[in-house]
1. Just want the answer: with Cβ charges of +1 for Lys and Arg and -1 for Asp and Glu, which residue in A:Leu45, A:Leu113, A:Val89 is farthest toward the dipole's positive end in the range A:20-116?
2. Residue-wise, which Karplus ³J(HN,Hα) couplings in Hz belong to the range B:84-90, taking 6.51 cos²θ - 1.76 cosθ + 1.60, θ = phi - 60°, and x for glycine or proline?
3. Under unit Cβ charges (Lys, Arg +1; Asp, Glu -1), what dipole magnitude, rounded to 20 debye, does the protein assembly as shown have relative to its Cα centre?
4. I'd like the mean, over residues of A:42-48, of how many other protein chain beta carbons sit within 10 Å of each residue's own Cβ.
5. Taking beta carbons within 10 Å but only from partner chains, what does the mean come to for residues A:15-24?
6. Specify, per residue and in Å³, the volume enclosed by the convex hull of the alpha carbon atoms belonging to chain B.
7. Among A:69-76, A:23-30, what's the highest-first ranking by average C-beta atoms within 10 angstrom per residue?
8. Taking the Cα centre of chain A as the origin, how large is its charge dipole in debye, to the nearest 20, when only Lys and Arg (+1) and Asp and Glu (-1) carry charge on their Cβ atoms?
Amino acid sequence: EAGVVQSPRYKIIEKKQPVAFWCNPISGHNTLYWYLQNLGQGPELLIRYENEEAVDDSQLPKDRFSAERLKGVDSTLKIQPAELGDSAVYLCASSLGLAGEYNEQFFGPGTRLTVL
Amino acid sequence: GDSVTQMEGPVTLSEEAFLTINCTYTATGYPSLFWYVQYPGEGLQLLLKATKADDKGSNKGFEATYRKETTSFHLEKGSVQVSDSAVYFCALNIGATNKLIFGTGTLLAVQP
């Protein structure tokens, strides 16, 4: 079974440019998460989806970040415009559900963003 | 707020040495506790977990016991291998949101 797929793996852009990251979760996983991981830090949750609904986006900087999960499968995270401080790794994870044996989160390899 | 504190790295050990990576937490409720591992170039993988006090999680020779009285979840392995070299993250989640709160990670380097 394929794991969580993310693309691109690496992205280098100049500040003020837009950028988008794509995530394909494990088949059948209803819950999808986007995390931000700064260098030397642990991941921090940006947004969580239940199917196509964003149910926890309190940590998403909405002035420049947006996300969508059309049809409740793939998801895209966008930054427009990018700033130097956005340089980080963006992780996508998915789980079958939220509780009990279904709550294990499976992570993708991440997209490493460098803003020049 | 809820948080996780783990020992800073890097931790450098010789093969077959004993490993301990300390992790303590602060939580208002009753969290589940996790250890994740990140091998070079790969995504985070769940290593082990414990969902209630005194539970012991174990996998691949690694163990950690949920200690409510000391709010700790220290990771141990009796004999490390070069292939264990990775970054280890301690994490917790509470309640129905399944939001994971991570520590800063500890880099383990095992030398032959």
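Coordinate-derived values only; no laboratory data. All values reported here derive from a predicted model rather than from experimental measurement. Note that each Cβ is placed from the backbone with ideal geometry, even for glycine, and that neighbours are counted across all protein chains shown.
1. A:Leu113
2. Karplus-based 3J(HN,Hα) across the range B:84-90 equals 7, 4, 4, 9, 10, 10, 8 Hz.
3. Values: 19 positive and 26 negative charges, 77 e Å.
Dipole size: approximately 360 debye.
4. Mean partner shielding for this stretch: 5.
5. That works out to 0 on average.
6. Here the figure is 94 Å³ per residue.
7. A:23-30, A:69-76
8. Dipole about the Cα centre, nearest 20: 540 debye.
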